[in-house]
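Some notes on the structure that comes next.
The values are calculated or read from the model by the stated rules, or taken from the named source; none is laboratory data. This structure is a prediction, so every number in the text was calculated from the model and none was measured. Backbone-built Cβ (ideal geometry, glycine too); neighbour counts: all protein chains shown.
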Amino acid sequence: MQVGAVQGRLGNYIVMAVRTHKFSTGKFKIIFEEIDGLCCDTDNPPEEEEKSISINPRLSKRYRLEVLIHEMLHAEYPSIKESSEEQWVDEAARNISSLLWRLGYRETKDPRS
């Protein structure tokens with residue numbers, strides 16, 4: 001399976017970014033921008049608008065993993081909108097990222113650096 005990837009620079013950060021990912025709810029554009037995390041998952045977006053997940057590449061690697069998982073949960077379960085459900089998403093993302101981090105999952109370094 002091939003993954004469309006792009007490599008670029010943001011400030012002093014090298015970003016290896018997957019451009020899109022297909023969740024059960026549709027194809028999402030993955031955007032690296034200066035926002036902690038955001039999942040735009042409207043149920044019926046106009047055709048020209050894509051569903052997207054935005055992640056800040058300047059977050060610490062560990063927190064970025066947690067935020068990514070948090071936004072992925074929103075992509076998979078777009079009905080989560082109530083504040084009590086948001087707390088569940090926060091806790092689930094924190095617990096999943098904690099285990100993955102303890103198991104040694106990390107972003108890979110740019111081989112040129």
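See the values below:
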read-out: Selected residue (criterion: farthest from Glu34 (Cα to Cα)) from residues of segment 60-111 that are outside any helix (DSSP H, G or I) and modelled with pLDDT of 90 or more; value: Leu103
read-out: Qualifying positions in segment 88-107 - at negative phi and of a type in the set (Gly, Ala, Ser); value: Ala92, Ala93, Ser97, Ser98
read-out: Test for Gly4: is it in contact with a strand residue (DSSP E or B) (Cβ under 7 Å, 6 or more places away or on another chain) and modelled with pLDDT under 85; value: yes
read-out: Residue that is farthest from the chain's Cα centre (by Cα), among those in segment 51-68 that are of a type in the set (D, E, K, R) and buried (at least 19 other Cβ atoms within 10 Å of the Cβ); value: Lys51
read-out: Pairs, first within 20 Å of His21 (Cα to Cα) in segment 54-71, second among the polar types (S, T, N, Q), C-beta under 6 Å, six or more apart; value: Leu65/Ser97; Glu66/Ser97; Ile69/Ser97
